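One structure is given below, encoded as structure tokens.
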Amino acid sequence: MHLSRFPRLHFAHLPTPLEPMPRLTELLGGPDLWIKRDDCTGLSTGGNKTRKLEFLMADAQQKKADTIITPGATQSNHTRQTTAAAAKLGFECHVLLEDRTGSEDHSYVYGANVLLNQLHGSTISKRPADTDMDAAMETLAQELRDDGKKPYIIPGGGSNEIGALGYVNAAIELMTQANDRSLRIDHLVHATSSAGTQAGLVLGMEGINSGIPVYGIGVHSPKAKQEEKVYNLAQITAEYMGLNPDIVQRDKVVVNGDYVGDGYGLPTDSMVEAVKLMAQYEGILLDPVYSGKGFAGLVDLIRKGRFKKGENVVFLHTGGSVALFGYPNTFDLPGYV
Ligand SMILES: *Cc1c(COP(=O)(O)O)cnc(C)c1O
């Protein structure tokens, strides 16, 4: 897997740490738990989109763009990392935020990631739920072109064949870390939504013959739809890399859709428990939208025996803890005593 053939910038803090989680391992009484800290990628409090942006922003530079357009949900971590990368590299940046939850909570609508988008100097505008965001971005791109700009559109979550290369690279990085410490990884588990993370990981893990199964926990779409999305992107990315798409067999793409709850961005009891467990047993902050639901799935599946004692399970922490400040009333905390 020869990633140096593709344009890339280097601004992520890599490799991210791979750490044991002894206290949670003991508490749950199942497999040995590890955490891959992609919440520590460096840019504007980090997260998984930074790996994708190393390839996407390099492509934007190569295409001589001067303006970035990208979409997200209101509390998008992707737009926050994109606006930071744009600031660092001197691009103008326009963010279109889709109101998927309908929340009117001030912290949710103006705080956390929204605040940081603006702090990084991007222009943000809002669109109602179920807007055709691709069409909305194309309309904005045309307006910007009419003004003499050269816009570059980054799709939702940075998930296309270029962004997914960031997670092909992450698969190779994790394998190297495991080999260096003689750690046999039996499962890699993470939250999946726009699919670039899982598509890149599956392609990378298959491409290097790691034998490590990747297990996605959905936070948006039902199982079948999410698996299709991941599989398609893995195929397209393989082709883009000049590989035979058969390198990723359909049965290697596995998503569990049981932990979405009432919908994207809407809290669940198991997410609240998972965020508290991680905060109180390992001192690590998850987020309410993605990694909290992803880890809630892992905790439940350990309790049900799906992941077993004697196995090594790595949870990929994809970031997003800033969004906790957009959900201040969700965690039922005691206040001052
Ligand atoms: C975007 C995001 C994900 C999901 O990654 P995809 O590549 O979109 O599937 C998971 N966790 C966090 C914190 C994210 O911001």
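The values are calculated or read from the model by the stated rules, or taken from the named source; none is laboratory data. Just so it is clear, the structure is predicted and the values come from calculations on it, not from any experiment. Note that each Cβ is placed from the backbone with ideal geometry, even for glycine, and that neighbours are counted across all protein chains shown.
Considering the conditions (1) more than 19 Å from the chain's Cα centre (by Cα); (2) over 28 Å from A178 (Cβ atoms), I302 is excluded by exactly one of them, (2). Checked against (1) within 12 Å of the ligand (Cβ to nearest atom); (2) hydroxyl-bearing (S, T, Y); (3) in a loop (DSSP other than H, G, I, E, B), Y167 passes all but a single condition, namely (3). Any chance the stretch 250-265 includes a residue that's out of contact with any Pro (no Cβ under 7 Å at 6 or more places or on another chain), among the basic types (K, R) and either without any contact (Cβ under 8 Å) to a residue 24 or more places away in the chain or crowded, with 19+ Cβ neighbours inside 10 Å (or both)? Yes.
Look at E98 and say whether it is in contact with a strand residue (DSSP E or B) (Cβ under 7 Å, 6 or more places away or on another chain) and within 18 Å of S159 (Cβ to Cβ). Yes: the conditions hold for E98. Quick one: in the stretch 299-337, of everything that is farther than 17 Å from L33 by Cβ, hydrophobic (A, V, I, L, M, F, W, C) and surrounded by 14 or more Cβ atoms within 10 Å (Cβ to Cβ), which residue is nearest to the ligand (Cβ to nearest atom)? So the residue we want is A323.
Comparison of A238, A296 shows that the only residue that is more than 14 Å from the ligand (Cβ to nearest atom), outside any loop (DSSP other than H, G, I, E, B) and either surrounded by 15 or more Cβ atoms within 10 Å (Cβ to Cβ) or of a type outside the set (D, E, K, R) (or both) is A238. Looking across the stretch 277-291, just one residue is outside any loop (DSSP other than H, G, I, E, B) and more than 18 Å from W34 (Cβ to Cβ), and that is Q280.
Can you confirm whether the stretch 149-164 contains a residue that is of a type in the set (D, E), assigned to a loop (DSSP other than H, G, I, E, B) and in contact with a Ser or Thr (Cβ under 9 Å, 6 or more places away or on another chain)? There is at least one residue in the stretch 149-164 that is of a type in the set (D, E), assigned to a loop (DSSP other than H, G, I, E, B) and in contact with a Ser or Thr (Cβ under 9 Å, 6 or more places away or on another chain). Among the residues of the stretch 188-223, the ones that are surrounded by fewer than 24 Cβ atoms within 10 Å (Cβ to Cβ), within 16 Å of the ligand (Cβ to nearest atom) and part of a helix (DSSP H, G or I) come to 1 in all. Screening the stretch 33-72 for residues that are charged (D, E, K, R) and more than 23 Å from the chain's Cα centre (by Cα) and picking the one that is surrounded by the most Cβ atoms within 10 Å (Cβ to Cβ) gives D66.
Residue by residue, here is whether (1) among the hydroxyl-bearing types (S, T, Y); (2) within 13 Å of the ligand (Cβ to nearest atom) holds:
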position: F6; (1), (2): no, no
position: I35; (1), (2): no, no
position: N48; (1), (2): no, yes
position: A60; (1), (2): no, no
position: K88; (1), (2): no, no
position: E98; (1), (2): no, no
position: Y110; (1), (2): yes, no
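Annotation note: of L316, L324, the sole residue that is within 21 Å of S193 (Cβ to Cβ) and either among the polar types (S, T, N, Q) or touching a strand residue (DSSP E or B) at 6+ places or on another chain (Cβ under 8 Å) (or both) is L316. The number of residues in the stretch 64-74 being within 16 Å of S125 (Cβ to Cβ) and either near the ligand (Cβ under 9 Å from one of its atoms) or of a type in the set (K, R) (or both) comes to 1.
The set of residues from the stretch 116-133 being without any contact (Cβ under 8 Å) to a residue 60 or more places away in the chain, surrounded by 12 or more Cβ atoms within 10 Å (Cβ to Cβ) and of a type outside the set (G, A, S) comprises N117, Q118, L119, T123, I124, K126, R127, T131. Condition test on I185, is it buried (at least 20 other Cβ atoms within 10 Å of the Cβ), β-branched (V, I, T), modelled with pLDDT of 95 or more and more than 14 Å from the ligand (Cβ to nearest atom)? Against the criterion (buried (at least 20 other Cβ atoms within 10 Å of the Cβ), β-branched (V, I, T), modelled with pLDDT of 95 or more and more than 14 Å from the ligand (Cβ to nearest atom)), I185 qualifies.
Against the list (1) over 30 Å from N312 (Cα atoms); (2) in contact (Cβ under 8 Å) with a residue 24 or more places away in the chain, the condition S159 fails is (1).
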